[in-house]
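Student: Provided herewith is a single structure, encoded as structure tokens, for subsequent inquiry.
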Amino acid sequence: MLGFFIIFPVSHAFSEVNAPLTLDEAVNLALEYNLSLRKAEIDLASSGLSESNLWAEIFPSINASASAGYRNSLFSGAEISGSGFNYSVGLGINLGLNAGIPYTMRSIRLAHASNLLRIEDARNQLSIQVTKYFFALVTERNNLLLFEEVLNLAQRQLTRSETMFRNGLTGELSLTQSRLSLENARFNLSAARISHNNSMSEFLAMLGMESHDSLIDTTVDLSGEIRIVRIEANADELIDRYLSHRPDIIRSNQEIERLSLVQMQTFLQSRAPSINLSVDWSTSSFSPFTDLFSATARLSIPIDSWIPGTARAMSASRSMDAVEKARLDLQITENSARAQIRSLTSLLRGSWDSILIARLSLQAAQRGYQLTETGFNNGTVEALVLHDARNNMTNARQRLVQAELSYFNMILDLSSALNMDWKELIETFGAQSE
């Protein structure tokens, strides 16, 4: 069917869901049991922990040490000062400060904001995909009703053909054709039911629900219908109003900012002076007279980074190139987004015309079938002609349903391209149906 998020659901009892199942309930179930979203939430919690503990970037390293040993001469009569068992303990504190630390902290904050945006975008995309799947199943359900109606028509026509054959008003060929039409209608309905049940099982698994074949048709009833509203929107207006709100555009801007911070961080760490403060204390044999204490302050000024061609100099140059590449990526993303919005807007205009044509075609096919059925009942039309008329009417209905579903999916795609709720899109740019 359609392309959707890969979801590995955690199953829950089928009986927990009350029929009918609405679109909002389906979306909530998918959002709750989607493991990809759970992974993203773990990343979000991790980046949030880092953001709330920025002080860790300047917290000194603290090390404790302990040792024990034994000293003695291997030669008899020799004496070694401090022979025997020796013990010592120590504590060291080291603090390093450089001018790049503030940029590191800002990068951590930016990483958390990016994760917030990423999980929000993932939830929106999943909601759109569930909506597509939901209304695709609603369309399949309507097709089942159509096939059932066709089967009933074929059954009634076979009954008429048998009556007319017994009365000598029609031939054996017409009766055989009516029987064939009934069998075709029964086969089409059976195939449609199998396809619908398989799609329903996939959908229930997507929502984390246990699917049982005996319960699919009787327990789960998708409550909803596709309401087609013509969208009247100017592509340039949409681009001006909503392009900057797209998650990929925001992420690209965030990436430029992050790489700019990395550039400054790399530059300052490789070329600016740094200060290192250390304090050490140790004692041996647990004697207060053997305590040793030392404190050191060291100022380091890098020299090699100022020499062209050195590793540090090239690292600073590469960070500048990364920022420029990110700016080009942003431009590519914006150009692609503009093209996508213009394409979807144009397709929506053209697809609305196809819906109007499909509606007129259905009206013509329905009227043609009515006239053909009247002629068949009067004995002036053969069963094969009636069969063709019924097929034309069925095909016209299916074309209309598929055209409306395709149009609705394009509305969902446009709402995704604008990072806008599809209901809001319809309310804002929808016109009255013709």
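The values are calculated or read from the model by the stated rules, or taken from the named source; none is laboratory data. None of the values given here were measured: they were computed from a predicted structure. Virtual Cβ from ideal backbone geometry, glycine too; neighbours counted across all protein chains shown. Quick note on the areas: whole protein, heavy atoms, side chains included, nothing else; ligands and nucleic acids left out. Shrake-Rupley method; radii C 1.70, N 1.55, O 1.52, S 1.80 Å.
Student: Around LEU35, what is the net charge, scoring Lys/Arg as +1 and Asp/Glu as -1 over all other residues with Cβ under 14 Å from its Cβ?
Tutor: 0
Student: Given labels modelled 7 Å from the Cα in the Cβ direction, how far is it in nm from ILE332 to ALA235?
Tutor: Going from the ILE332 label point to the ALA235 one covers 2.2 nm.
Student: Between ASN124 and ASP321, what FRET efficiency follows from the Cβ-Cβ distance if R0 is 22 Å, with the result rounded to 0.05? Working shown, then result.
Tutor: Numbers: r = 33 Å, r/R0 = 1.51.
In this case the efficiency is close to 0.10.
Student: Helix 311-377 versus the longest principal axis of the chain: what is the Cα-based angle in degrees, 0 to 90, to the nearest 10?
Tutor: It is inclined by approximately 10 degrees.
Student: Quick one: ranking SER107, SER300 by accessible area, 1.4 Å probe, largest first, what do you get?
Tutor: Working: SER107 20, SER300 50 Å².
Result, largest first: SER300, SER107.
Student: At 7 Å along Cα-to-Cβ for each site, give me the label-to-label distance between ASN395 and VAL279 in nm.
Tutor: About 8.9 nm, to one decimal.
Student: Report the accessible area of ARG106, computed with a 1.4 Å probe over the heavy atoms of all protein chains in place, in Å² rounded to the nearest 10.
Tutor: About 120 Å², ignoring ligands and nucleic acids.
Student: Of LYS325, LYS423, which has the most accessible area and how do the rest follow, probe 1.4 Å?
Tutor: Details: LYS325 135, LYS423 85 Å².
Ranked list, largest accessible area first: LYS325, LYS423.
Student: Sticking with this one: Against the globular-protein guess of 2.2 N^0.38 Å, express the Cα radius of gyration of the range 132-275 as a ratio, rounded to two decimals. Walk me through the numbers on the way to the answer.
Tutor: Details: Rg = 30.6 Å, N = 144, 2.2 N^0.38 = 14.5 Å.
This ratio for the range 132-275 stands at 2.10.
Student: Over the chain, what number does the Rg to Rh ratio reach, with both radii from the alpha-carbon atoms and Rh per Kirkwood? Numbers along the way, then the final one.
Tutor: On the way: Rg = 37.2 Å, Rh = 29.2 Å.
My calculation of the ratio gives 1.27.
Student: Further question: Quick one: net charge around ARG246, please, counting Lys, Arg +1 and Asp, Glu -1 for every other residue with C-beta under 10 Å from its C-beta.
Tutor: -2
Student: Can you give the net charge of the other residues whose Cβ lies under 14 Å from the Cβ of LEU95, counting K and R as +1 and D and E as -1?
Tutor: Working: positive: ARG298; negative: GLU57, ASP280.
Summing Lys/Arg as +1 and Asp/Glu as -1 gives -1.
Student: How high is the relative contact order of the range 89-209, in percent, counting Cα pairs under 8 Å that sit 6 or more residues apart? Could you put the intermediate results ahead of the total?
Tutor: Working: 40 pairs, mean separation 33.7, N = 121.
Once divided by the residue count of the range 89-209, the mean separation gives 28 percent.
Student: State in Å² the accessible area per residue of the range 344-434; use a 1.4 Å probe, count heavy atoms of protein chains only, and round to the nearest integer. Walk me through the intermediate numbers first.
Tutor: On the way: 4440 Å² over 91 residues.
The answer is 49 Å² per residue.
Student: With all protein chains present, how much of the accessible area of the range 256-388 (probe radius 1.4 Å) comes from carbon and sulfur, to the nearest whole percent? Could the numbers behind the result be given before it?
Tutor: On the way: 4900 of 8240 Å².
Answer for the range 256-388 is 59 percent, counting heavy atoms of protein chains only.
Student: Go through ALA26, GLN370, GLN254 and say which Cα lies farthest out towards the positive end of the charge dipole of the chain; charges sit on Cβ, +1 for Lys and Arg, -1 for Asp and Glu.
Tutor: GLN254
Student: Pop the C-beta distance of ASP43 and VAL385 into the FRET formula with R0 = 45 Å and round what comes out to the nearest 0.05.
Tutor: Efficiency computed from Cβ-Cβ geometry: 0.10.
Student: Can you spot the lysines whose alpha carbon is less than 23 Å from LYS423's alpha carbon? Ignore those fewer than 8 places along the same chain.
Tutor: LYS132
Student: Next question, about the same structure. Grab the DSSP H runs of the chain that are 4 residues or longer, score each as -39,500 (n - 2.57), total them, divide by all residues and round the 222 nm result to the nearest 500 deg cm²/dmol. Write out the running numbers ahead of the final one.
Tutor: Details: 10 runs with 281 residues, N = 434.
Mean residue ellipticity at 222 nm (helix-derived): -23000 deg cm²/dmol.
Student: Once the whole set of protein chains is in place, how much accessible area is left on VAL150, using a 1.4 Å probe, in Å² to the nearest 10?
Tutor: Answer for VAL150: close to 20 Å² accessible.
Student: At most 14 other Cβ atoms within 10 Å plus a DSSP loop assignment makes a site exposed; report the longest stretch of the chain without any exposed chymotrypsin sites (Phe, Trp or Tyr not before Pro). Intermediate values should be presented prior to the final figure.
Tutor: Values: sites that count: PHE75, PHE286.
No qualifying site falls inside 76-285, the longest such stretch.
Student: Let me ask something else about it. Which value in nm describes the separation of the simple spin-label points at SER201 and GLN366, placed 7 Å from the Cα toward the beta carbon?
Tutor: Distance between label points: 3.6 nm.
Student: I've got another one for you. Based on the Kirkwood radius over alpha-carbon pairs, what is the Stokes-Einstein translational diffusion coefficient of the range 385-434 at 4 °C with 1.567 mPa s viscosity, in µm²/s? Each step should come with its number before you reach the end.
Tutor: Details: Rh = 12.9 Å.
For these conditions, the coefficient is 101 µm²/s.
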